[in-house]
Amino acid sequence: MKHNWWKILCVFLFLYVIIAGFLVPLRPGIKTVNMSTAHAGQPLTLTAHGYNTNWSIESGQIRSWLKYSDSLVIEAHQVHVVGNTELTSQFRIPSAIPDGKEAMSVSLIVDHPTDGPAVLPNALIIKRGKKSDASIPWPGDAIVDLNFKKRFAFPYRNIIFETIRNTYFHVPLWMAMYGLLVLATIYNILYLWKGDMWKEERAFHLTSVALVYGTLGIATGMMWAEFAWGTFWNWDIKQTMSLLAMLMFVAYVFIRFSIADESARRRFNAVYGIFAFIMIFPLLYVVPRMAPSLHPGSGGNPAFGSDDMDNTMRMVFYPAIIAYFLLGLWLAQLSYRLSRIKQILLFKN
């Protein structure tokens, strides 16, 4: 039992990730508003549609703001709740736009005593009106006394909504794949150094599992892309480079069964495996940053940061990486042991 503690940990972490990943709710948020543009100097009635909100509870204490910056905000002079997921806010928009701009983007913030604050970034574009009066500036008050609630819930993010849960499957698959390939590369180097064929055998099975993980990573990424971008595959630079990286390891597997001489096959596979591992970094981390991309972490589009990956998500995300890595080790070990048994039986016969 003491030698299998990591397998028990793997099962426990997998159960935790699956249960928490699917059952923990999202925080309240704002999906859409009823318009995309407004004009300065005109009254504005904005209808917001919420997600996981309970606005009709304690509706008399709801506040709403349009925020341009931390110091330039407009508070709604009247908020009317239509239902749990719908409310209207009435604003008096000053006729002048800060900094003399022709248009400005503002965010909508709705604060509820029970749900806490919900934000829709860049909810509205306010354009300069026909009669601009600089003597009526934007209010300089800051937003204070928000009802922040401490709860075990995942952040609400527009566009991806509930698919934010794919963070616990798509991303950890890739991270665990990198870990398996690091071990495989170490075994390949040890084989080239010491000539122990079983080192190369371990490297092959670790790489095979890593290839499965990479393929699943692409598949889960395609599912995410269809929801967020509207298509499973659009030849985004990160998608293309990921496919190319996986094809390198597909070639690694085919090469193993295409060279008759065992010693030459193992040496070539070891060298090629090291080369393919090295090539992952320019393919997945250098090239994607050199071209426009929709994918986070590519083409200047930032990856998950503090605003996206909060501490609640990290409590599931990091255990998911460990769980996938341990499962990969487990699968590679089983595959290696089966291969070794077959080779021993073949040698005896």
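The values are calculated or read from the model by the stated rules, or taken from the named source; none is laboratory data. Note that the structure is predicted; figures quoted are calculated from it, not measured. Heads up, the Cβs are rebuilt from the backbone with ideal geometry, glycines too, and the neighbour counts pull from every protein chain shown.
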Considering residues of region 63-87 that are of a type in the set (Val, Ile, Thr) and in contact with a Leu (Cβ under 7 Å, 6 or more places away or on another chain) only, the residue farthest from residue 107 (Cα to Cα): 81
Qualifying residue in region 168-184 (condition: surrounded by fewer than 16 Cβ atoms within 10 Å (Cβ to Cβ) and not assigned by TED's automatic domain parsing to the domain that holds residue 50): yes
Some residue of region 176-196 being under 26 Å from residue 268 (Cα atoms), of a type in the set (Lys, Arg) and out of contact with any Gly (no Cβ under 7 Å at 6 or more places or on another chain): yes
Tabulated pairs, region 261-280, first farther than 17 Å from residue 195 by Cβ, second in a helix (DSSP H, G or I) and of a type in the set (Ser, Thr, Tyr), C-beta under 7 angstrom, 6+ apart or interchain: 272/252; 276/252; 277/185
Any hit, region 19-38, residues being aliphatic (A, V, I, L, M), touching a His at 6+ places or on another chain (Cβ under 8 Å) and either assigned to a loop (DSSP other than H, G, I, E, B) or on the phi < 0 side of the Ramachandran plot (or both): yes
Near pairs, Cβ below 6 angstrom, 6+ apart or cross-chain, from region 62-84 (in the same structural domain as residue 123 (by TED's automatic domain parsing) and free of Cβ contacts under 8 Å to residues at least 60 places away in the same chain) to any residue that is in a loop (DSSP other than H, G, I, E, B) and of a type in the set (A, V, I, L, M, F, W, C): 64/76; 79/62; 81/55; 84/55
Test: residue in region 184-202 that is closer than 30 Å to residue 121 by Cα and part of a helix (DSSP H, G or I): no
First in region 31-51 and in the same structural domain as residue 119 (by TED's automatic domain parsing) and of a type in the set (Gly, Ala, Ser), second anywhere and assigned to a loop (DSSP other than H, G, I, E, B) and crowded, with 17+ Cβ neighbours inside 10 Å, Cβ under 6 Å, 6 or more apart: 40/93; 40/95; 40/97; 40/128; 40/129; 41/95; 41/129; 50/85
Search result, residues across region 79-100 that are more than 31 Å from the chain's Cα centre (by Cα) and over 16 Å from residue 139 (Cα atoms): 79, 80, 81, 82, 83, 88, 89
Hey, residue 233 farther than 21 Å from residue 341 by Cα and in contact (Cβ under 8 Å) with a residue 60 or more places away in the chain or not: no
Of all residues making up region 48-98, the number that are in contact with a strand residue (DSSP E or B) (Cβ under 7 Å, 6 or more places away or on another chain) and of a type in the set (Gly, Ala, Ser): 7
Which numbered condition residue 6 misses (of (1) free of Cβ contacts under 8 Å to residues at least 40 places away in the same chain; (2) surrounded by fewer than 16 Cβ atoms within 10 Å (Cβ to Cβ); (3) touching a helix residue (DSSP H, G or I) at 6+ places or on another chain (Cβ under 6 Å); (4) not basic (Lys, Arg)): (1)
